[in-house]
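Right, one structure below, let's go through it.
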Amino acid sequence: MPQGVGDKRDTILRAAGKVFAERGYHATGISDIARELGAGHGTFYRYFKNKEDIARSVVARALGQVMDAIADEDPGSSQSLEQYREQVGRIGHKLFDLVVAEPALCRILFYDAIAIDRAEPELAGRAMEAAAAYTAAFIRNGQDRGFLRRDLDAHVVGLAVNGMILTGAVRLLHVQDSQAMRDPWIRTVEALMFDGLGSS
């Protein structure tokens, strides 16, 4: 059965993502993506204007995959600190699994999203702000229900929490045994979020 337009675009995006992750954005040419596809340049240009266009689409697709991985976690569902802590653990494991399963996706988000900013300087910044806003919704739920501190700016907390997650995800790309890193990293992020650094 012939591929539809959406299916063909997705095939091209997956191929482009693989090549970007292997070669880097700047070192990748249209010919490299076409070679990975086993198709001519004409196929590429029927769906995308140029390399920058496909790169932005690859980043958008990667961000969509991240959001899909945690789509079933409702920011307003936790009614207690214990429930929220459990939710944070679940989200941590889902994101960890995604990084392990899709390392190319993570390289695109952590490295190539910034590299293509020449064409759209706000791309990486908008992605970070959107992620922070999503995390802030969980924080505000806890503040509204009274189980999280109300004196902290939820958006700033969102940026800080996402920074810890981002650092862990980048680290996963450079360790031999990613599974051994899972539980210690998630436990540490949880401890910092809920217990702080001070000793009792």
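The values are calculated or read from the model by the stated rules, or taken from the named source; none is laboratory data. Not measured: the values here are computed from a predicted model. Positions of Cβ are backbone-derived with ideal geometry, glycine not excepted, and every protein chain shown enters the neighbour counts. For the accessible areas, the whole protein counts, side chains as well, though only heavy atoms, and no ligand, DNA or RNA atoms are used. Shrake-Rupley method; radii C 1.70, N 1.55, O 1.52, S 1.80 Å.
Could you tell me whether VAL161 is modelled with pLDDT of 85 or more and open to solvent by 80 Å² or more (accessible area, probe 1.4 Å)?
Details: modelled with pLDDT of 85 or more: yes; open to solvent by 80 Å² or more (accessible area, probe 1.4 Å): no.
In short, no.
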Residues that are of a type in the set (Phe, Trp, Tyr): which helices (runs of 4 or more DSSP H) entirely in region 120-198 hold 1 or more of them?
-> 123-145, 178-194
Within region 36-72, can you find the residues that are loosely packed, with under 13 Cβ neighbours inside 10 Å and basic (Lys, Arg)?
-> ARG46, LYS49
Would you confirm whether any residue within region 71-85 is among the charged types (D, E, K, R), without any contact (Cβ under 8 Å) to a residue 12 or more places away in the chain and not in a helix (DSSP H, G or I)?
-> yes
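Out of region 20-41, which residues are at pLDDT 80 or above and assigned to a helix (DSSP H, G or I)? Don't jump to the end; show me each part of the working.
Initially, region 20-41 is screened for residues at pLDDT 80 or above, giving 20-39.
Passing the criteria: PHE20, ALA21, GLU22, ARG23, ILE30, SER31, ASP32, ILE33, ALA34, ARG35, GLU36, LEU37.
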For region 105-151, how many residues are surrounded by 17 or more Cβ atoms within 10 Å (Cβ to Cβ), aliphatic (A, V, I, L, M) and either modelled with pLDDT of 70 or more or under 24 Å from SER80 (Cα atoms) (or both)?
-> 9
